[in-house]
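Read through the structure below, which is laid out as structure tokens, and then see the notes.
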Amino acid sequence: MDWKAAIEAARARIAGHVLKTPVVAPRGFGLNHAIEMKLEQMQHTGSFKARGAFNTLLAGPVPQAGLVAASGGNHGAAVAYAARALGHQAHIFVPEMAGPSKIALIRETGAQLTVVSGEYANALAAAQEYEDASGAMQIHAYDAPATVAGQGTCMAEWEAQGLQADTVLIAVGGGGLIAGALAWLQGARKVVAVEPETSCALNAALKAVQPVDVDVSGVAANALGARRIGDICFGLAVEHGATSVLVSDAAITAAQTALWRELRQLVEPAGATALAALMSGAYRPEPGERVAVLVCGANVAPDPLA
């Protein structure tokens, strides 16, 4: 697949529907060097997911039955938002672990919402049953070409904003965001996958040399809790030699706190996971290595202003 062309087409397609999120170069965070950050948590519905949702909906016809999506929360909110903006019906399935703030965010869009017990995999199974019964079009959260191309627009946009880094750190759940970055960069920069120790589908897949099921838990599980890495992500990670590191829940919450104290950016644990790799030393840059961090999610639970 010509990923560069697909991502360029997605950029043109979603222009006017998504925000160009800001880039900053802060000092601090206990680090002795500057880093670049893209604040993608400032995107519509609080995550990068709107990019893939709009790209999918604008790339082809939507059936009369509308849309269906399974989500840990952020993808569902993005699909519901995009569906409302473009005049489509949407039915979103989320697990209970999505949490009250993300569930409330989806409800605010007016989409039909079903909360299922268990984890993301249970919501995906329920969404697939609904797809089969209704004829609705399913928008996969991470393992579909249109989703990955849409998420790839984030990295394409960042480079257009003047990204200087040699290395980019990206949090990974099912792998849509990092797959988009790998697809766009094509090995031009080092990409480091950062996952929680207790939700590490990509790390496990790279060790097993194939996608495998993993148990998921921890503070970021409602966003990074995919049981199995997407096939697209796995293929791109192997092709382009993505590096994988793991971080603890304590490191994630420390990074989450630091983003608030030093930048006044309120992010969910998944949004702070990439920064946690630098702050904790899970990833140690070489002397002179220029490093960038993608901050990707803002939907804190519980909602601090509710």
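What follows is calculated from the coordinates using simple rules that are stated; it is not laboratory data. Note that this is a predicted model, so its numbers are computed, not measured. Cβ atoms come from the backbone with ideal geometry, glycine included; neighbour counts cover every protein chain shown.
For the reader, a short list of remarks on this structure follows.
- Amide hydrogen proximity for LEU67: with H placed 1.01 Å from N in the peptide plane, the residues at 5 or more positions away or on another chain lying under 5 Å are GLN89, ALA90, HIS91, MET137.
- Estimated dipole of the chain in Debye, rounded to 20 [Cβ of Lys and Arg +1, of Asp and Glu -1, Cα centre]: 700
- Rg and Dmax, both from the Cα atoms of the chain and both in Å, are 17.6, 57.
- Here the Gaussian network model covers the chain, with springs between Cα atoms less than 10 Å apart; of PRO26, PRO287, PRO63, PRO287 fluctuates the most.
- Pairs with C-alpha atoms separated by more than 27 Å, drawn from the list LYS4/LYS190; LYS20/LYS207; LYS20/LYS190; LYS49/LYS190, are LYS20/LYS207.
- Expressed in Å, the radius of gyration and Dmax of the Cα atoms of the stretch 61-215 are 16.6, 49.
- When Rg and the Kirkwood radius Rh are both evaluated on Cα atoms of the stretch 50-138, their ratio Rg/Rh stands at 0.94.
- 16 Å Cα-Cα reach of LYS102 towards aspartates and glutamates, excluding residues that sit fewer than 8 places from it in its own chain: GLU119, GLU268, ASP303
- Overall, the stretch 50-138 carries a charge dipole of about 340 debye about its Cα centre when +1 sits on the Cβ of Lys and Arg and -1 on the Cβ of Asp and Glu, all other atoms neutral.
- Least to most buried among ILE106, ILE229, ILE178, ILE35 (fewest other Cβ within 10 Å first): ILE35, ILE106, ILE229, ILE178
- Fewest neighbouring Cβ atoms within 10 Å first, the residues TRP260, TRP158, TRP184 line up as TRP260, TRP158, TRP184.
- Only one residue of TRP184, THR198, ALA221 has its Cα farthest out toward the positive end of the dipole of the stretch 172-241, where Lys and Arg carry +1 and Asp and Glu -1 on Cβ, and that residue is TRP184.
- Ordering ALA82, ALA165, ALA144 by Cα displacement along the dipole of the chain toward the positive end leaves ALA165 in first place; charges were set at the Cβ atoms of Lys, Arg (+1) and Asp, Glu (-1).
- Membrane-span-like helices of the chain, defined as complete DSSP H segments with a Cα extent of 20 Å or more along the helix axis and a mean Kyte hydropathy of at least -1.0, are identified as 120-134, 145-160, 249-263.
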